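Okay, structure first, notes after.
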Amino acid sequence: MNSGDSQLVVKVQMVLQKLTAYISHNKSESPVMIEDDTTLQKLHTYIEDYLQKNGNELAWAQDTGLVDFIHRALDSSIVNAPENSSIVAFAIKVFGSLLRTKETFNYFSEDKVLMEFYVIWPNLRNNPALTSAALDLLGALLNHESGLSWILVNGVWEKLLLPSLRSTSIFVQRKGVKVITSLMLLVVDSNQHFELFVKDLLLVSNKFCEIRQHVEWSLSEEIRQSSQHVLLIFKELYIKTLGKKALYTKLKDIGDLRRHVMERVDTQVPVAIVMHIVDMFILDALHNFQEKIMEYGIIEQFLVDTLCADIIGFIKLLFDKGHAEAFFRSAVNVHKYWKILVMNIEESKQKVLKEQESLLHLVACYQVIPISVLCQDSISNYPEKKSLYTTWTEEIHCKIIIKEALRAKATEVENQIISVLTESDVAVRMAVISISSSSSAANHLSLMCAVTIFQGLVFLACISTENYSTGLRLEKELQRTNIDALRVLAEEFEIDWRKCFLSICLLHVLCKTLKVTNISTQVKVITLKAMKSCIVGFIPPSMSMLMNSEKQELNSLEQMGNVLSYSLADTEWEVRDSALEVLHTCMTLAKDRYPYFAEWLIRYNLDTVVLAALEDIEGYVRASAYAVLACVVSNEKIWMKFSEENLQLRSLAAVLWEGDGPVRRSAICMVRELHAAGRYSEEDLNNIVINIMQRSTEDVDDEIRLNALEFIHSHIKESLQKLGMVDGEFPAVTFKGGKITKLDIHVIQKQILKIITWVCDCGYLSSLLLCTNDPVTTVAKKSLEIFIFLNNLLHKYDIKTGAHHVKRRNFENIDIHFKPSGLPKENVIEVAGQDVMMTDDVHELEVIDKTISDILHSSTLDNVSSIKRSLNAAQENLRVDNKNVLITAEDVPVRKAAIPVEYLLQSLDNICHHEIVQDNMTKINLLSLLDDILLEGCKVESQDSDDKHLRDCY
């Protein structure tokens with residue numbers, strides 16, 4: 001056991017003594033009560049994680065006194081005291097963590113502590129905290145057969161599990177559902193136990209329904225929750241066994257679950273209950289379908305017909321009973337359940353159900369029939385859909401004729417839908433529910449079903465922008481839900497003109513939507529987000545128009561230019577910000593693939609609007625404006641218009657002084673792009689930019705620190721490229737002055753050494769070392785990546801400073817004219833054929849080496865706690881929006897201290913092998929929490945010291 005583990009054991013012992021003293025009412029040893037049980041919950045979580053990672057749970061528990069503490073806490077006299085409930089719950093949870101393995105259970109099975117737990121059950125049921133802890137323990141016992149046998153033998157089902165469903169806490173009820181489901185899944189093959197459990201649950205459910213009719217409303221609501229959780233148990237059973245073990249016949253023989261569920265529909269039950277009933281019926285039908293597949297061995301067509309007929313019949317029943325809303329909310333889950341069924345059957349039985357999937361999904365689309373039939377006009381241009389309708393007509397049994405009937409009345413239905421949605425608020429509400437349910441299940445839809453829904457949603461978007469649908473145009477909730485669903489489907493399935501021709505007109509429809517007067521801010525924002533998805537995913541197929549700069553009146557992208565021009569001037573900042581995000585997407589494409597957008601930006605004077613957005617009062621808008629400009633500063637034509645706008649210093653001022661983190665993040669990205677495009681002079685780069693980037697590596701925002709490191713990396717690479725490096729290496733020959741010149745290896749070595757010396761001298765090395773121990777892993781990894789890049793360069797060109805390469809020279813006998821008096825004696829190290837002076841001051845060498853080593857190997861928490869990344873108080877609300885801003889010498893942050901290059905060369909290998917993976921954070925968190933408990937909440941104030949000394953680790 002190492003010192004860290006010994007320290008942990010001692011502190012755990014001390015905390016357990018403190019807790020034992022409290023529950024024993026010894027106030028002299030435990031003067032402070034732990035009132036917040038969150039502390040004990042965290043302590044249990046850390047102990048459980050520590051036990052799982054380190055193993056040998058029993059020995060550790062005995063060493064720390066955890067076993068004795070559990071014995072003491074489970075005493076009846078302790079449990080009966082209400083003030084001890086948090087500590088007793090903690091003891092039960094820790095006991096459960098120890099019982100997860102069979103070995104520890106076998107040890108405790110011979111101990112009386114399990115019997116003590118059995119004895120206190122009646123006292124646990126009245127306290128939700130203790131009941132929850134006991135359920136956690138039972139869940140741990142289900143991890144092995146010995147624990148399962150103990151649960152079955154000792155009557156846990158009747159004494160603790162069933163009563164948990166009537167708990168006053170909904171969290172205890174949910175945990176009870178989880179444990180009961182796990183138990184029933186383990187005994188599903190045991191007819192005796194499984195049948196008993198099912199009958200008990202059905203009996204309990206019936207009793208709940210009877211009692212609800214004879215009690216007052218508040219108690220009735222509690223019983224309704226309990227009844228709902230009984231349905232959840234069967235629902236979870238169905239889902240967990242779907243495609244693996246068919247339960248339809250088994251449950252039907254025990255208690256006819258389908259009949260029991262259908263009886264509930266006849267009563268006046270809330271929507272939440274009916275939603276679970278819909279799920280139950282769908283799962284029951286799928287289990288029946290699964291059994292038939294296993295029985296016949298092949299997928300017969302009449303099996304699919306029967307499944308479709310069952311679902312359609314259930315839909316009709318729900319509509320007749322007035323439960324349309326519950327159906328619209330829940331029926332979309334059939335996509336998820338079908339996907340689980342197909343996946344599990346294909347894995348276990350090697351049966352392929354792909355050819356039947358579209359048929360079932362079309363039946364599921366019954367919930368959006370008013371939408372799916374609206375795209376009949378485009379059926380001739382959509383071969384897949386035409387083939388599907390042909391398949392439906394030819395192969396489905398004639399008793400299912402609903403689709404053929406809808407095809408014949410498509411036009412009539414379209415007119416009816418327009419009329420109903422315009423006149424009926426209920427119809428609009430149902431449409432909103434149906435559409436939002438479909439979009440929420442988008443990741444479970446098949447492509448064909450998604451395209452069908454997408455086409456219907458495009459139609460709804462069209463009619464909501466027409467003049468004859470004035471009432472519908474003002475239904476902001478329907479518009480918002482419809483457009484957001486279009487965006488979700490387009491992104492999830494990458495719908496473009498190849499998959500759906502209607503996608504071509506979507507951008508046009510969105511532009512028309514933004515032109516509708518009096519639409520809400522929410523609709524505008526959602527529309528602009530959908531517009532962004534259009535641009536990224538399915539720009540119309542005429543790509544040639546993106547390569548020229550001629551104005552095209554009928555082009556939807558040209559319409560978007562007009563729309564964005566006034567959206568950027570909207571009174572609501574959310575709209576302005578969303579419009580800038582769309583513009584940022586366009587400018588990213590202009591930079592990468594489509595130069596058309598650059599001309600388009602200038603043609604609609606959007607560049608002027610973006611510049612004005614730099615002075616917006618809202619920080620997010622200013623951040624988006626900087627992001628847009630970062631994409632265009634490399635374009636010469638656009639930069640000509642920006643050349644007088646002082647963007648170089650304005651972006652640096654934003655990085656240095658802006659109070660909003662998002663603005664600084666975007667501004668530092670713009671600085672990087674300006675540097676890459678060569679917009680900074682050498683003077684500004686060396687005197688201002690480098691210093692500000694070093695300050696940014698200490699920013700409180702981790703993304704800003706990461707972006708600052710990205711700039712440092714790109715700056716180092718650019719400096720190497722100026723000396724001839726191409727794609728990470730120096731070519732053997734180069735063209736210079738019209739001649740082919742062969743580069744000597746020693747010349748290359750000197751050039752690399754020159755750059756590495758510059759990295760050390762300009763302060764970049766200090767910033768990189770600081771970020772190596774950053775608490776954010778991405779920042780620390782980026783710093784290490786730069787060190788590895790430099791190290792690989794040194795090894796590739798054989799630049800070494802090992803002991804056998806060091807040549808020491810004695811200067812004592814050298815003439816005084818060659819060495820001024822008073823200077824310390826020096827050693828010379830030969831690096832890349834060049835002599836590097838090193839001081840003979842051994843103490844100085846040891847101090848620097850120790851400092852670097854401490855930085856690299858110290859605890860992350862200890863190291864970072866000494867670094868203050870606080871911004872100036874005046875910066876918190878500062879906004880930089882002055883076109884003529886100046887950065888004086890006093891404004892520029894002090895450059896970080898230089899570190900001699902020889903120390904980097906000697907330590908680089910060790911730095912590159914520095915582990916980014918933090919120390920055992922579980923142990924660190926556990927020790928920290930134990931200290932907090934032992935200190936009884938007292939805060940340890942940090943000592944006052946100079947900020948500069950805290951930041952300067954060197």
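The values are calculated or read from the model by the stated rules, or taken from the named source; none is laboratory data. Because the structure is a prediction, the values reported are computed rather than measured. Counting neighbours? That spans all protein chains shown, and the Cβs are built from the backbone with ideal geometry, glycine included. Side chains included, ligands, DNA and RNA excluded: accessible areas come from the protein's heavy atoms. Shrake-Rupley method; radii C 1.70, N 1.55, O 1.52, S 1.80 Å.
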Output for the stretch 173-263: GluC sites (Glu not before Pro) sitting in coil per DSSP, at most 14 other Cβ within 10 Å, listed by number, reads 216
Counting Lys and Arg as +1 and Asp and Glu as -1, what is the net charge of the other residues whose Cβ lies under 9 Å from the Cβ of residue 529? 0
Which entries of 781/896; 53/102; 159/245 have Cα-Cα distances beyond 25 Å here? 159/245
Anything over 20 Å Cα to Cα? Flag those among 175/240; 292/339; 42/235; 42/112, in the order listed. 42/235; 42/112
Relative packing of peptides 650-657, 698-705, 499-506 - highest average C-beta neighbours within 10 Å first: 650-657, 499-506, 698-705
Mean Cβ-within-10 Å packing, highest first, puts peptides 13-20, 455-462, 893-900, 664-671 in the order 664-671, 455-462, 13-20, 893-900
Under the 0.36 nm per residue contour assumption, what length would be gained going from the current alpha-carbon distance of residue 573 and residue 210 to full extension? 125.2 nm
Give me the number: length gained by fully extending residue 754 to residue 195, i.e. 0.36 nm times residue separation minus the C-alpha to C-alpha distance, one decimal in nm. 193.2 nm
How far is it, in nm, from the label point at residue 83 to the one at residue 727 when both lie 7 Å from their Cα along the line to the Cβ? 7.7
Roughly speaking, to the nearest percent, how much of the stretch 143-234's 1.4 Å accessible area is carbon and sulfur? 54
When you count, for each residue, the other Cβ atoms within 10 Å and take the mean per peptide, how do 245-252, 785-792, 634-641 rank with the highest first? 245-252, 785-792, 634-641
So if each residue of separation counts as 0.36 nm, and I subtract the Cα-Cα distance between residue 253 and residue 928, what length gain in nm does that give? 237.3 nm
Leaving ligands, DNA and RNA out of it, report the carbon-plus-sulfur percent of the accessible area of the stretch 633-752 at a 1.4 Å probe. 49
